[in-house]
Amino acid sequence: MPDTIAQTELSLADTPRSDAADGLVWAVSCLPGQRPVQLSPQQVAEHLASLPPCADDAGTPPAPADERPPGWVWLHYDVVHSASRARVEAIACLPEEARATLAGTDRGTRLEADGEIVYGALPGFDDGMTDDDTSVSAWRFAVLPDLLVTTRRHPVPALGAAFRRLQRDEVPRTPAEIVDRTLLEFADSVRRNIAMLDDQLDRAEDLLLTLDQHTELGRITGLIGKVRRRSTELRRVISPVDRIFHNEDLELPEWAEDDIRDRSQRQIHAALDDLMALQDRARSLQDEVASGQAEETNRRLYTVSVLTTLMLPATFVTGFFGMNTGGMFLASGPLGTVEAGGVCFLFMVIAWLLLKFTRLL
């Protein structure tokens, strides 16, 4: 029976297997114009054995494209198990570096080309993630004109979505389009997160525009802070992918140039532009909130300063009458306290008039 992780991804792809113990999640043979055909492990072994070995291993270049059989094969492995990693590392038609990438465990992003072979590691998001879920899955691939090998250590729903589309729509001409479709799902996941974060900024902006004495600026700051934190995490994931596609030293083979570089580059760059625009908007709102907080602080300090100024003469009067010295006037009369209070009030009125005259109020 397949393991739990394989079952999750297989349910997404609608391709149940009962022999996934070797880590092979799915294996299909694709011929343009026809529906994909499920391959058994024995058929997979026979197909890999029929492919010419890589020039690194055999010293002979792969067969020309016009001499290869039509169609292509997609093999998808779960490399959590050592047995599946051993199977991937035994694929002789791939160079050693590509096999090491497929069986690797690091989450770094890379894209390399070696002759007709394109391989690398790209990120993928969990479609079911929440605001506080920042987990990022990595998937790896190696693609030839007639073979696509993908691996992962955790379920990548974008690959399952690409597989469902392969079963539903027309089989693409080359397996490079599968890589492009998976990157499109990745970019769509980023855009869905951006839309969710944009809604939170809308709520914060509405609260800011209707700001009154009962509005909690801390609540607005919390919303904006959450958006800025999440957008920064997304940018850290998507920026390396965008840099890879803009790397002038990367020379992809002609058969994969249009699919992997041209279309995928536009998708990723557009998502990055949307993300940067969201960050700019969040920073703008953060500055406006900071300005509102400073204004509120200044208003409160102004009120305290005015009250302190008004009470200053009264403080002087009470201090004067509080001296224990002889000859203090108003000390012998029955209404001395009332008269002293009147003097305090008189001085407060004079201070208020002076503040008004000097336009400090």
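Things worth noting here:
- Karplus-derived 3J(HN,Hα), 6.51/-1.76/1.60, for each residue of the range 233-249, Hz, glycine and proline x: 5, 5, 5, 5, 7, 7, 4, x, 5, 5, 5, 4, 5, 8, 6, 5, 7
- Under-5 Å amide H pairs with Tyr77, H placed in peptide plane, nonlocal only: Val25, Thr150, Thr151, Arg152
- At a probe radius of 1.4 angstrom, the accessible area of the range 174-306 per residue rounds to 53 square angstrom.
- Simple Cβ-charge dipole of the range 174-306, Lys/Arg +1 and Asp/Glu -1, about Cα centre, in debye nearest 20: 860
- Here's the picture: a label point sits 7 Å out from the Cα of Leu250 along the beta-carbon direction, and within the range 265-295 the residues with their amide nitrogen under 12 Å of it are 265-269.
- Rg/Rh ratio calculated on Cα atoms of the range 174-306 (Kirkwood radius): 1.21
- J(HN,Hα) series, the range 226-231, from Karplus relation 6.51 cos²θ - 1.76 cosθ + 1.60, nearest Hz, glycine and proline x: 5, 5, 5, 5, 5, 5
- In nm, spacing of pseudo-spin labels at Thr309 and Ala49 (7 Å Cα→C-beta vector): 9.6
- Calculated on C-alpha atoms, the gyration radius of the range 233-306 divided by its Kirkwood radius gives an Rg/Rh of 1.41.
- Taking 0.36 nm per residue of sequence separation and removing the Cα-Cα distance, the Ser82/Arg191 pair yields an extension gain of 35.7 nm.
- Nonpolar atom fraction for the range 174-306, defined as the carbon and sulfur part of the 1.4 Å probe accessible area, stands at 47 percent.
- The charge dipole of the range 233-291, taken about the Cα centre with unit charges on the Cβ atoms of Lys, Arg (+1) and Asp, Glu (-1), comes to about 360 debye, rounded to the nearest 20.
- Proximity of backbone amide H atoms, modeled 1.01 Å from N, is registered between Cys93 and Cys54 at under 5 Å, excluding neighbours fewer than 5 places apart on the same chain.
The values are calculated or read from the model by the stated rules, or taken from the named source; none is laboratory data. These numbers were taken from a predicted model, which means no experiment stands behind them. Because the Cβ atoms are built from the backbone with ideal geometry, glycine has one as well, and the counts that use them run over all protein chains shown. Each accessible area value is taken on the protein alone, full model and side chains, heavy atoms only, with ligands, DNA and RNA left out. Shrake-Rupley method; radii C 1.70, N 1.55, O 1.52, S 1.80 Å.
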